[in-house]
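First the structure, in the form of structure tokens, and then the observations on it.
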Amino acid sequence: MRAMLVLVDNRTMSSVYVPVSRLLDRRAVLGARDRAVFEDVVTLTIAAANAGLVVHPSSGRDRTQPEVGTLVLRGKRRWVWEAREGWDWNDIESGATPPLVLKSGLRPRAIWRRFHAL
């Protein structure tokens, strides 16, 4: 699936391909709680980007929690992703500016688990 990334307050746009592993039945309608989880995933992703972090799909044991790290310049033109050790998604609530408003009522780790269960 093709997606367009638009940065708020910036004229930069980027087009990327996003793999879709499972399509939902088109007749299925998401409930209010599931819609809130989707909105919370967007909020968490924006908060991570605002903190200068890069989010990657997990390659560890818990595949429901995305890995977080930073891009570090190596040499003149080579950017390398480095994982942030000891990262816990629940910690993002306390350090976010402005404070996160999560609509689902779930903590961040529970939001990611619910998102991957959809």
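Quick grid of which residues meet (1) open to solvent by 70 Å² or more (accessible area, probe 1.4 Å); (2) of a type in the set (Ser, Thr, Tyr):
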residue	(1), (2)
67	no, no
71	yes, no
74	yes, no
83	no, no
86	yes, no
98	yes, no
104	no, yes
114	yes, no
*Any residue in the range 48-61 that is among the charged types (D, E, K, R) and modelled with pLDDT of 80 or more?*
no
_Of the criteria (1) in contact with a helix residue (DSSP H, G or I) (Cβ under 9 Å, 6 or more places away or on another chain); (2) at pLDDT 85 or above, which one residue 81 fails_ = (1)
_What's the total number of residues in the range 88-104 that are without any contact (Cβ under 8 Å) to a residue 60 or more places away in the chain and either among the acidic types (Asp, Glu) or assigned to a loop (DSSP other than H, G, I, E, B) (or both)?_
9
_List the residue pairs whose Cβ atoms are under 8 Å apart, where the first residue sits in the range 46-72 and is touching a residue at least 12 places away in the same chain (Cβ under 8 Å) and assigned to a loop (DSSP other than H, G, I, E, B), the second is hydroxyl-bearing (Ser, Thr, Tyr) and open to solvent by less than 30 Å² (accessible area, probe 1.4 Å), and the two are 6 or more positions apart or on different chains._
64/58; 65/58; 66/58
*Before we move on, is residue 61 over 21 Å from residue 109 (Cβ atoms), more than 10 Å from the chain's Cα centre (by Cα) and loosely packed, with under 11 Cβ neighbours inside 10 Å?*
no
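The values are calculated or read from the model by the stated rules, or taken from the named source; none is laboratory data. None of these values were measured; they are calculated from a predicted model. Glycine gets a Cβ as well: all are built from the backbone with ideal geometry, and neighbour counts include every protein chain shown. Keep in mind that these areas ignore ligands, DNA and RNA; they rest on the heavy atoms of the full protein, side chains included. Shrake-Rupley method; radii C 1.70, N 1.55, O 1.52, S 1.80 Å.
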